[in-house]
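Report on one structure; see the data block that follows.
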Amino acid sequence: MAFFGTSVSFSSLFGVAGQQSSRTQIIGFDSSLISASVSAKLTQSSLRSLSAEDRAAYSIDLNANTVVPPWQQAEETSSLEARVRSVRELTKFIDLNDDILNSVKGNSDKTATFALYRALENLRVLAEYASADTTSKSSLDRLNAKFQEGFDQVRDYISTAELDKLSLFLGEKKYTTEAAVRTGKNGTGFDGSLVVDNPNEAIAGLTGTEVFTITLEKGGESDEVTVDLSTLSGALSLNNIVAHINEQIESVTALDDEGEEYVKYQTRFDIHRDGTSGRYGLQVDGTITEEVSFAAAVSEPTLYVTSSVSQLDDDYAITSRISEFNNLSGTLTLDDTTSFAAIDLEGTDIKERTKDIEEDDVDPAIAALRDKFRAEALESVTDDDDDDDEEDTDNTSSITNIDSDYKVNADTSASRIAVTSDGGIYVVGTSDGTFGHQINTASEQDVFLTKFDSEGNLVFSRLLGVSESAEAYGITVDSEDNVIIVGKTESALSTADAVSSENGDAFITKISKRGDEVFRYQLDTFAESGAYSVAVDSNDDIYVGGYTKSAISSSSGFSGGSDALILKLNGSTGKLTDSNVFGTSGNDVIRGIAVDANNNLVVAVEEGDNAVVYRVDGSDLTNHTSSVNLGNLGTSGSIQSITIDNANGAVYIAGVTTNASLNAGGAATLNETALGGQEGFVSGLTLSGTTDIAANFTTYLSTSGTDKIADVVVQDGVVYVAGSTTQTLAGETARGATDGFVARVDGSSGALGDVQQFGESLSRSNVTGIAFTNKGNSVLETLGLPTGAINADQTLDIESQTSAREGDFFYISIDGGTKKKITLEDGDTFDDIARKLKITGIGKIKVEVTSTSEGDKLKISTVDNGVAIDLLPGTGGRDLLERLGLEAGKLLPKNEVFDLNSDDDDEADSLGGVYGLKLDGELHIKDKTTAKYVLGLLDDAISTIQRAFRSLEYNPFRDLSNNSSKQGTVPQYLQNQIANFQSGLARLQSGSSSSVNFFV
């Protein structure tokens, strides 16, 4: 050990008869070192005074060599830089062949303490170097990668090591664990957007001629309440409008069983005030049995554009945007933008735990933070486990209760957008973060689907729930406003997936408008496949376009490379009803698919570098009735999207090309000029009858930089495109490194209309999708209300409300017994999981399901003075524990966690114990503040490992500190030895008035 840089051993301190060594000046000595010094000396001298019978009882061999733990051996004298280089070269942080383990071979407990000490010391070196002021920021990622490699080995070793007298935990000793997720709660109230500063003043933008409808539904019956502002007397203020609406609702009556008239609906309107801004908005006070929806008599068309925005500073996560454009027939106007992102749970956990740490004063902050956590832990022990309150305020464990000041965003990239018939908005994309109670367990990224109302309020979010990686490429909405998403995944989406494709399978998933999964389909082949585009016909059957790198059946055929793929699925069941694989010997892929008025298909195919558009018989997918080759897109070109205008018999293809003459061999008119490099293009084609197709025009959106049209939509003969550019479009202003744009194009001639470029400074806006709705600006938006339903009831089971899926599982073992499997079944709630656990535990496990403001929560505990419980994760990417936010590991009886009732008569049996390293959660050293925090945690963990080792050694002084009724009279020889040590200590302390604390 070191005293202010001087190496000192216990032998030099005590020498002969406790005399001070002449080689070292003692600055000071804390009296708490008596026990430590005794461990070094008395274990050898005092034990000789014990009887042979006592020595045999404790397996003491006085002739054996004393085991010197690695932390009492010579200290490392090389520089920190040299030690870091050495650690970076390690392949094994847990090395059971390390020479330091030779002295404890055959003792699993001591072997574990030595191996973990060495691993933690090496992790500490990385953390110390990462926290140093002189360490460059650019090297932190590499240091963290090595840290994670070592930390994973520590985690794995602790979870698998078979020990005798020790129980080691990566985290803290626990007797209870609680799921982080909740299973949702259907709301009854709704707060509209804030619209005025004074609820008694007239609302700007209202003329008094507006009309809208409120539909109230209960018990399968519905009534429409018409609100006509022209009939309202007085100012068009919130207070007057609320009174008018409530009068209209109260006028809807019905007769009871006795023929008495009563007001049919209990829903009422009120006003809410925001405490921060002081502004006011409408409030709906509903009931659990009544559904409320809104519709405006007149509304303006609106475009919604999705983009993924990344900052030039890579420290910030990618976030997604929904931009609202209005005035579609004039100058396109960006009116509003909604930004959203998933939560990085790991980053948020670190940020919360390090929030009090200052760069220039780390040690006190770490100590304060530890004290805080420990105080909270002790306080929680006094909680009444039998609290029977009906509803919990739930302020600690729930994911969505994370303090917004400490939330860390995860990369969230929107891919496509679609709108419902009532103006709702679906956005699909990919993220490595968590949405609400949908915990992301993917090793890379998962697919998310988020639904917003027309005011940008979140309706629900869902994750696909993969264990590896998934991507989303296409989205559409059927006639019932259910949504279908398609893409590619490397994971098995269900237990029915029998064949593993290394590079991914095409998938199709249908989600109801209320957020319930209707079905999921995975193309289960050995070879890679993917789905890029999706459309529905008049029967809501589903057509999917993509590619495959093999035959998909014995009769499908395959031409080599990758072939174009069409799948047809029953829209109700998800059953595959037809398919076709076709192509050339090169690489072919369908990038766009649309359904015409006759339920036949138009598909846009990349055949090598060529853009080819086919018409296909919807009832026989092998029947291609005609085609048009638009031309060579260039090696970096691609088709991005397709849209169809059945009323005018036209179809439009959009994408990227380096071909300045993409004119179908001269058959199409070229509009605008290709200025070089990558150009955004939109091509119009004319449909004739049920089989023919012809090229009409190609229009370029181009700058001297890189341009792309990402998506296209058509309405009433007008085409709208959205894309990105790295330069400045004609007549526009650049804002960021990459900007988005929206443009209007004449559907007949291809003439370019208005263009609007938009973006953010110091950022890249990658536009990914566009959607059109007729349910845009209206009186409802002026009043801060959305179109469509509010607070529609959702299914409150585990599958709907979390990322867990049917067939996910975990194991439970009671007191080291046989592992028993707990499997999630269709429709299971937390009550069902609790029932399964109780049946398995047979009175040896406590499981509670309680109601909170966010829905039911699940808590698992050991019973008082009971047995230990092991919660073991599911395998093969089907871990139910992780998706519920339950921590895998051992739950101890409460008395063991808090060291109660540990007065064991047999000292030998009480050797060892239970030790928690308090390294749970996700730790990293990617920034200096966190590295300093982790450094403190590692210091504590190393100290814990040292205490665990000492607990394995018999210390006779514990006998002296125990109850005298157990020990009897203290022998005179022990009294004499204690007196000698106290005398020596007094002489040491007389040389200094200060005190130095140190730990072995």
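Rundown of residues vs (1) touching a helix residue (DSSP H, G or I) at 6+ places or on another chain (Cβ under 7 Å); (2) buried (at least 24 other Cβ atoms within 10 Å of the Cβ); (3) in contact (Cβ under 8 Å) with a residue 40 or more places away in the chain, yes/no style:
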| site | (1), (2), (3) |
| --- | --- |
| THR698 | no, yes, yes |
| LEU701 | no, yes, yes |
| SER704 | no, no, no |
| ALA710 | no, yes, yes |
| GLN715 | no, no, yes |
| VAL718 | no, no, yes |
| VAL721 | no, yes, yes |
| THR725 | no, yes, yes |
| ALA734 | no, no, no |
Residues that are at pLDDT 95 or above and in a loop (DSSP other than H, G, I, E, B), drawn from the stretch 474-509: ASP478, SER479, GLU480, ASP481, ASN482
What strands (runs of 3 or more DSSP E), lying completely within the stretch 746-858, carry at least 1 residues that are among the acidic types (Asp, Glu)? 752-758, 845-852
Of (1) in contact with a helix residue (DSSP H, G or I) (Cβ under 6 Å, 6 or more places away or on another chain); (2) in a loop (DSSP other than H, G, I, E, B), ASP95 satisfies all except one. Which? (1)
ALA130 small (Gly, Ala, Ser), touching a residue at least 60 places away in the same chain (Cβ under 8 Å) and within 30 Å of LEU837 (Cα to Cα): no
Residue that is over 21 Å from GLY583 (Cα atoms), surrounded by fewer than 21 Cβ atoms within 10 Å (Cβ to Cβ) and not aromatic (Phe, Trp, Tyr), where the choices are GLY684, GLY634, GLY677: GLY677
So which residues in the stretch 510-551 are closer than 23 Å to GLY423 by Cβ and assigned to a loop (DSSP other than H, G, I, E, B), if there are any at all? SER512, LYS513, ARG514, GLY515, ASP516, SER538, ASP540
Could you check THR113 against (1) among the polar types (S, T, N, Q); (2) exposed (fewer than 15 other Cβ atoms within 10 Å of the Cβ); (3) modelled with pLDDT of 95 or more and say which number it fails? (2)
What about SER579, is it surrounded by 15 or more Cβ atoms within 10 Å (Cβ to Cβ), of a type in the set (Ser, Thr, Tyr) and at negative phi? yes
Would you say ALA668 is under 16 Å from LEU630 (Cβ atoms) and crowded, with 21+ Cβ neighbours inside 10 Å? yes
Please list, ordered by residue number, the helices (runs of 4 or more DSSP H) wholly in the stretch 910-986 having 1 or more residues that are farther than 30 Å from GLY347 by Cβ and either at pLDDT 65 or above or aromatic (Phe, Trp, Tyr) (or both). 928-950, 957-961
Within the stretch 195-210, identify whether any single residue is modelled with pLDDT of 90 or more and within 30 Å of PHE949 (Cβ to Cβ), and answer yes or no. no
Cβ-Cβ below 7 Å, separation at least six or inter-chain, first residue in the stretch 805-824 and on the phi > 0 side of the Ramachandran plot and surrounded by fewer than 16 Cβ atoms within 10 Å (Cβ to Cβ), second of a type in the set (Gly, Ala, Ser) and not in a strand (DSSP E or B): which pairs? ASP815/ALA868
Report, ordered by the first and then the second residue, all pairs with beta carbons closer than 7 Å, sequence separation of six or more or different chains, a first member in the stretch 297-311 that is touching a residue at least 12 places away in the same chain (Cβ under 8 Å) and within 21 Å of LEU780 (Cα to Cα), and a second member that is hydrophobic (A, V, I, L, M, F, W, C) and in a loop (DSSP other than H, G, I, E, B). PRO301/LEU328; LEU303/LEU328
(1) in contact with a His (Cβ under 6 Å, 6 or more places away or on another chain); (2) outside the structural domain of ALA204 (by TED's automatic domain parsing): which one isn't true of PRO301, the others all being true? (1)
Check off (1) under 17 Å from SER683 (Cα atoms); (2) β-branched (Val, Ile, Thr); (3) touching a residue at least 60 places away in the same chain (Cβ under 8 Å) for ILE590 and give me the number that stays unchecked. (3)
Residues of the stretch 760-794 being surrounded by fewer than 23 Cβ atoms within 10 Å (Cβ to Cβ) and over 30 Å from PHE212 (Cα atoms), which ones? GLU760, SER761, LEU762, SER763, ARG764, ASN766
Counting only residues that are assigned to a loop (DSSP other than H, G, I, E, B) and crowded, with 17+ Cβ neighbours inside 10 Å, the stretch 868-887 contains a total of 7
Quick one: how many residues across the stretch 283-328 are over 14 Å from THR773 (Cβ atoms) and in a strand (DSSP E or B)? 15
Can you tell me which residue in the stretch 209-243 is surrounded by the most Cβ atoms within 10 Å (Cβ to Cβ), limited to those that are under 14 Å from SER778 (Cα atoms) and in contact with a Ser or Thr (Cβ under 6 Å, 6 or more places away or on another chain)? THR213
For the stretch 724-735, which residues satisfy the criterion of being closer than 20 Å to LEU303 by Cβ and assigned to a loop (DSSP other than H, G, I, E, B)? LEU729, GLY731, GLU732, THR733, ARG735
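Condition check ((1) part of a helix (DSSP H, G or I); (2) touching a helix residue (DSSP H, G or I) at 6+ places or on another chain (Cβ under 8 Å); (3) not assigned by TED's automatic domain parsing to the domain that holds ALA931) across all residues:
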site	(1), (2), (3)
THR77	no, no, no
LEU90	no, yes, no
VAL125	yes, yes, no
ASP133	no, yes, no
LEU143	yes, yes, no
LYS146	yes, yes, no
PHE151	yes, yes, no
VAL154	yes, yes, no
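The values are calculated or read from the model by the stated rules, or taken from the named source; none is laboratory data. This structure is a prediction, so every number in the text was calculated from the model and none was measured. When we count neighbours, we look across all protein chains shown, and the Cβ atoms used for this are built from the backbone with ideal geometry, even at glycine.
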